[in-house]
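What follows is a single structure, written as structure tokens, with notes after it.
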Amino acid sequence: MAVREQSQSGALSAASRSPCEAEEAALGRCLSLLPWDRFSAWLHCVCVVGFDLELGQAVEVIYPQHSKLSDKEKTSICYLSFPDSNSGCLGDTQFCFRFRRSSGRRLSLHCMLDQLDGDLPVSLKKDPAYYYGYVYFRQVRDKTLKRGYFQKSLVLISKLPYIHLFHTVLRHIAPEYFEKNEPFLEAVCSDVDHWPPPVPGKTLNLPIMGIIMKVRIPTCHDKPGTTHIVQFTHQEDTQISIALPTVHEVDLFRCFCPVFFHIQMLWELVLLGEPVVVMAPSPSESSETVLALVSCISPLKYCSDFRPYFTIHDSEFKEYTTRTQAPPSVILGVTNPFFAKTLQHWPHIVRIGEIKLPGEVPKQVKVKKLKNLKTLDSKPGVYTSYKPYLNRDEEIIKQLQKGVQQKRPAEAQSVILRRYFLELTQSFIIPLERYVASLMPLQKSISPWKSPPQLRQFSQEEFMKTLEKAGPQLTSGLKGDWIGLYRHFLKSPNFNGWFRTRWKEMTQKLEVLHLEALCNEDLLLWSQKHTEVETVDLVLKLKNKLFQADREHLPMKPDTMEKLQMHIDAIILALPDDLQDILLKTGTT
């Protein structure tokens, strides 16, 4: 039987621990967590950023007080937590940003919680190089202040990309914080420190200042495109105040409405990792649109950098605006008119007006040439000379237009759009999944007495030949230059990231099958037929394999590790006493 059959749809990690097993293991480990460890599983810290007439924007409060932020990180948070002055955001504004962590920083000590990443969908896995900042900004007139305005931001800093969850938290706590200040903030953080760990697949009750949020974090085992409805239980009905339908999704239809007719071209640009800048009137629009773009190729992970809100003060400003080299593979969200000039050499510019849900059918907007983009005041639209590889799908346009005419709820429109993007991405990626699965050696070639066999190398031309009979035409009716799109994609950071993940999964699968083959052998009988030197060598190799399997969290059956350990113990006990003592004390490398 071919091993490759098991990985047709990329579900190579299906043999890994189930969400329930991961949850039980994680909860068991969490019993011994120290104070603030539960808090750290969700948030790095909470910051308050205010405006000082002499200093400008400044971090006034960091809580918990022991939280570590470098000076560079504090500077980034200061500038990214306030809208540009031209945005004119009076009242309350919510948005998010993403920034690089300082190099040389120690990673989280809560590795037992970080292991939960293994059960997350690839697009929700934490990136250790970045933090997210979730902002609630208030600007109101105040004649008692010299500046004439009260300006302050409450910011949640987290490694988790759970925008809907944290924006919901901020909507509940920020208005009250601005009235009560620090004691209230301490109480908020104390509540978060009592939250259960963010275990994928488990329905979690998260208490926060008098209400309880009920959420479910997706798992990699969920069927793509499905949303698990959070169910109320009779005993808890009176306690639950909010049931969140999602922790991470944005309002897709609302975000794409201003560029309604170009959704398929934008999908291609994101898939190919092309440099895209989103110019918007406020950080709310820029951050939501960037996150919508990044999510439109799900379940593929967008592997390049993306900044939902980017300012001229950003530490990467020079790197990303230089004209001495081609623009990098990144999606930027900007609001400052200065960017209309500094980024006009970028090949793809998406201009967003103020986002409102349409009461009428959006009008057809042509793709504009880049030379027509003079200022940020230019009309909304897509400014690019890019020619899409695929013909436009008129059906999705008609379906969404009909929804607008019939006043279909925005949530339903978003579901239709998300399903469209999912089916388009799956049609594109399934032929690649199928070909990469064929690189796996046959199971019969795995011998316990030899090293695991090697995977076959990826051949672009060999893959292209498979498209004639097993290409996207099997699942998509879209016509166009699919071959050209694949050739372009194979040079992109998204392919590189996807393939590295697949290669690692398949290599681990081979290692697991090799360990299972060893378990099925009578290793004690083997040792009795070989010299002590060979037996000791086998024991040391088996110990090392067990250590590596545990360290790398290989997707093994629960009893495989136990069987292997029993084999090792039986072999050691059959050896002379002096060797037993040495081998029992010998660690692994």
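The values are calculated or read from the model by the stated rules, or taken from the named source; none is laboratory data. Here the structure is a predicted model, which is why all the values come from computation and not from measurement. We place every Cβ from the backbone using ideal geometry, glycine too, and count neighbours over all the protein chains shown. Side chains included, ligands, DNA and RNA excluded: accessible areas come from the protein's heavy atoms. Shrake-Rupley method; radii C 1.70, N 1.55, O 1.52, S 1.80 Å.
Here are some notes:
- Flag for LYS491 being open to solvent by 80 Å² or more (accessible area, probe 1.4 Å) and within 30 Å of TYR386 (Cα to Cα): yes
- A Cβ distance below 6 Å, combined with a sequence gap of six or more or placement on separate chains, defines the contacts here; from the range 46-60, residues that are over 10 Å from VAL155 (Cα atoms) reach residues that are open to solvent by 60 Å² or more (accessible area, probe 1.4 Å) and hydrophobic (A, V, I, L, M, F, W, C) in the pairs GLN57/PHE51.
- Filtered by the rule that a residue be part of a loop (DSSP other than H, G, I, E, B) and open to solvent by 80 Å² or more (accessible area, probe 1.4 Å), the range 386-414 gives LYS387, ASN391, ARG392, GLN406, LYS407.
- Near pairs, Cβ below 9 angstrom, 6+ apart or cross-chain, from the range 449-474 (over 30 Å from LEU525 (Cα atoms)) to any residue that is among the aliphatic types (A, V, I, L, M) and open to solvent by 30 Å² or more (accessible area, probe 1.4 Å): MET464/ILE483; LEU467/ILE483; ALA470/ILE430; GLY471/ILE483; PRO472/ILE430; LEU474/ILE430
- Among residues of the range 109-138 that are within 22 Å of LEU80 (Cβ to Cβ), those with a beta-carbon under 8 Å from a residue that is assigned to a helix (DSSP H, G or I) and modelled with pLDDT under 80 at least six positions away or on a different chain give the pairs LYS126/ASP114; LYS126/ASP117.
- Among the residues making up the range 546-566, those that are open to solvent by less than 40 Å² (accessible area, probe 1.4 Å) and assigned to a helix (DSSP H, G or I) are LEU546, ALA549, THR560, LEU564.
- Hey, SER476 part of a loop (DSSP other than H, G, I, E, B), within 26 Å of LEU272 (Cβ to Cβ), open to solvent by 10 Å² or more (accessible area, probe 1.4 Å) and of a type in the set (Gly, Ala, Ser) or not: yes
- For the range 415-437, a residue qualifies if it is polar (S, T, N, Q) and open to solvent by 10 Å² or more (accessible area, probe 1.4 Å), and exactly one does: GLN426.
- Residues that are of a type in the set (D, E, K, R), outside any strand (DSSP E or B) and open to solvent by less than 50 Å² (accessible area, probe 1.4 Å) within the range 211-227 comprise just one, ASP222.
- When the test is whether a residue is part of a loop (DSSP other than H, G, I, E, B) and open to solvent by less than 30 Å² (accessible area, probe 1.4 Å), MET440 passes it.
- Every residue from the range 132-159 that is of a type in the set (S, T, N, Q) and modelled with pLDDT of 85 or more: GLN139, GLN151, SER153, SER158
- Qualifying positions in the range 512-524 - free of Cβ contacts under 8 Å to residues at least 60 places away in the same chain and either within 25 Å of PRO431 (Cα to Cα) or not in a helix (DSSP H, G or I) (or both): ASP522
- Failed item in (1) farther than 14 Å from HIS44 by Cβ; (2) open to solvent by less than 50 Å² (accessible area, probe 1.4 Å); (3) touching a helix residue (DSSP H, G or I) at 6+ places or on another chain (Cβ under 8 Å), with LYS125 passing the rest: (2)
- Filter pass, SER427 being touching a residue at least 60 places away in the same chain (Cβ under 8 Å) and assigned to a helix (DSSP H, G or I): no
- Search result, residues across the range 158-198 that are among the basic types (Lys, Arg) and touching a residue at least 12 places away in the same chain (Cβ under 8 Å): LYS159, ARG171
- Count - residues of the range 171-210 that are under 22 Å from THR93 (Cα atoms) and either open to solvent by 20 Å² or more (accessible area, probe 1.4 Å) or of a type in the set (Ser, Thr, Tyr) (or both): 11
- Residue in the range 176-183 that is touching a Lys or Arg at 6+ places or on another chain (Cβ under 9 Å) and within 14 Å of HIS44 (Cα to Cα) present: no
- Subset of the range 158-170 [open to solvent by less than 10 Å² (accessible area, probe 1.4 Å) and not in a helix (DSSP H, G or I)]: SER158, LEU160, TYR162
- For the range 141-151, the criterion of a residue being under 29 Å from CYS220 (Cα atoms) and not acidic (Asp, Glu) is satisfied by no position.
- With a requirement of 2 or more residues that are open to solvent by 10 Å² or more (accessible area, probe 1.4 Å) and more than 20 Å from GLY381 (Cβ to Cβ), the strands (runs of 3 or more DSSP E) lying completely within the range 278-356 that satisfy it span 305-307.
- Out of ASP71, ASP84, sole residue that is at pLDDT 65 or above and surrounded by fewer than 18 Cβ atoms within 10 Å (Cβ to Cβ): ASP71
- Residues in the range 294-307 that are within 22 Å of PRO281 (Cα to Cα) and touching a Leu at 6+ places or on another chain (Cβ under 6 Å): ARG307 only.
- Residue match in the range 39-51 (condition: part of a loop (DSSP other than H, G, I, E, B), modelled with pLDDT of 80 or more and open to solvent by 30 Å² or more (accessible area, probe 1.4 Å)): yes
For every residue, the table says whether it meets (1) more than 18 Å from GLU249 (Cβ to Cβ); (2) among the aliphatic types (A, V, I, L, M).
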{"site": "GLN151", "(1), (2)": "yes, no"}
{"site": "HIS167", "(1), (2)": "no, no"}
{"site": "PRO197", "(1), (2)": "yes, no"}
{"site": "VAL215", "(1), (2)": "no, yes"}
